[in-house]
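Colleague: Could you have a look at this structure, given as structure tokens, before my questions?
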Amino acid sequence: MRRRRWIIAAVVVAALLGATTATAALAAPTVTAAACPQCYGLTARGGGLYSDRDDPAHRPMLDAADRRIAAFYGSRTVQPRILICTTGDCYRRIGGGGEKGRTIRTWALLLSPNGANETIATHELSHGEFHQRLGSARDRVPQWFDEGLAVLVSDDARYLQAGRGEARCRLPLAEALPVVTTDWSAPTGGAVDHHYLQAGCVVAKWVDDNGGPAAVLDLIDRLRDGAAFETAVTVG
């Protein structure tokens with residue numbers, strides 16, 4: 001039965017991603033797991049949630065993350081499947097790695113045992129919400145802004161402190177600004193999360209300088225209308 005479900009998932013993936021990327025998709029457990037969570041041992045818990053264990057804390061946690069998204073954006077428009085693993089073996093089985101969470105386009109997010117909390121869920125939902133609202137314009141947004149925005153929306157205390165704008169930065173702004181021109185995947189000298197510190201700082205300042213969350217909604221409209229990101233967002 002599970003084998004048949006996996007084959008059905010493969011067909012769904014091919015339809016969603018197109019024949020040219022179907023082969024690559026089938027090699028990625030995260031994609032097929034999102035298409036068929038039951039094929040990977042996850043059980044439907046209602047409301048788009050799938051998990052390997054029925055934990056009563058999951059739903060309140062996701063509801064809190066949902067409220068954070070709605071508070072920032074005014075509403076939540078994306079409704080992804082949410083796959084939660086409570087063991088490392090489960091997370092590896094569905095294609096997860098060392099990260100706490102992962103977003104698959106706008107239609108699924110995966111949470112690891114260490115990522116099944118309000119902050120990480122909000123971070124991943126922010127990616128999905130931002131991408132959903134941008135549509136095809138999402139390809140013009142650099143990763144530093146996307147990640148920095150998710151840090152801000154999730155109010156991640158690892159990277160931001162209390163306050164407004166630049167006061168939220170946990171490092172000097174001059175040290176944060178290079179993230180704008182640095183390859184996101186470039187080594188950070190051992191500080192794995194340094195790019196998140198930088199991006200969170202720069203985005204928090206830009207959003208506050210430009211009127212708060214409304215600035216992000218305006219940015220989305222401008223990008224959808226064809227504006228270049230570099231024209232719409234000026235930092236410094």
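Colleague: Restricting attention to the range 55-82, report how many residues are surrounded by fewer than 18 Cβ atoms within 10 Å (Cβ to Cβ) and among the aliphatic types (A, V, I, L, M).
Modeller: So the count comes out to 4.
Colleague: Then there is this: Of the residues Glu124, Glu166, which single one is touching a residue at least 24 places away in the same chain (Cβ under 8 Å), part of a helix (DSSP H, G or I), closer than 21 Å to Gly98 by Cβ and not β-branched (Val, Ile, Thr)? Quick ask: steps written out before the conclusion?
Modeller: Details: Glu166 fails: closer than 21 Å to Gly98 by Cβ.
The match here is Glu124.
Colleague: Would you call Gly135 farther than 22 Å from Cys39 by Cα and either part of a loop (DSSP other than H, G, I, E, B) or open to solvent by less than 50 Å² (accessible area, probe 1.4 Å) (or both)?
Modeller: Details: farther than 22 Å from Cys39 by Cα: yes; either part of a loop (DSSP other than H, G, I, E, B) or open to solvent by less than 50 Å² (accessible area, probe 1.4 Å) (or both): yes.
Taking the combined requirement at face value, the residue satisfies it.
Colleague: Same structure again: Give all pairs with beta carbons closer than 7 Å in which a residue from the range 36-62 that is over 16 Å from Asp89 (Cα atoms) and of a type in the set (S, T, N, Q) meets a residue that is modelled with pLDDT of 95 or more and part of a loop (DSSP other than H, G, I, E, B); count only pairs at least 6 apart in sequence or on separate chains.
Modeller: Between residues of the range 36-62 that are over 16 Å from Asp89 (Cα atoms) and of a type in the set (S, T, N, Q) and residues that are modelled with pLDDT of 95 or more and part of a loop (DSSP other than H, G, I, E, B), there is no close pair.
Colleague: When the residues of the range 193-236 are narrowed to those that are among the acidic types (Asp, Glu) and not in a helix (DSSP H, G or I), which ends up surrounded by the most Cβ atoms within 10 Å (Cβ to Cβ)?
Modeller: If we take residues in the range 193-236 being among the acidic types (Asp, Glu) and not in a helix (DSSP H, G or I), then Asp193 is surrounded by the most Cβ atoms within 10 Å (Cβ to Cβ).
Colleague: Additional query: Gly189: at pLDDT 95 or above, of a type in the set (Gly, Ala, Ser) and open to solvent by 20 Å² or more (accessible area, probe 1.4 Å), yes or no?
Modeller: no
Colleague: Failed condition for Ser154, given (1) more than 23 Å from Thr32 (Cβ to Cβ); (2) open to solvent by 10 Å² or more (accessible area, probe 1.4 Å); (3) among the polar types (S, T, N, Q), with all others met?
Modeller: Going through (1) more than 23 Å from Thr32 (Cβ to Cβ); (2) open to solvent by 10 Å² or more (accessible area, probe 1.4 Å); (3) among the polar types (S, T, N, Q) one by one, Ser154 breaks only (2).
Colleague: While we're on this one: Tell me the strands (runs of 3 or more DSSP E) entirely within the range 10-114 that contain at least 1 residues that are at pLDDT 95 or above and touching a Phe, Trp or Tyr at 6+ places or on another chain (Cβ under 8 Å).
Modeller: 43-46, 81-84, 108-111
The values are calculated or read from the model by the stated rules, or taken from the named source; none is laboratory data. This one's a predicted model, so the numbers in the text were calculated from it and none came from an experiment. Counting neighbours? That spans all protein chains shown, and the Cβs are built from the backbone with ideal geometry, glycine included. Please note that ligands, DNA and RNA were not included when accessible areas were found on the heavy atoms of the full protein model with its side chains. Shrake-Rupley method; radii C 1.70, N 1.55, O 1.52, S 1.80 Å.
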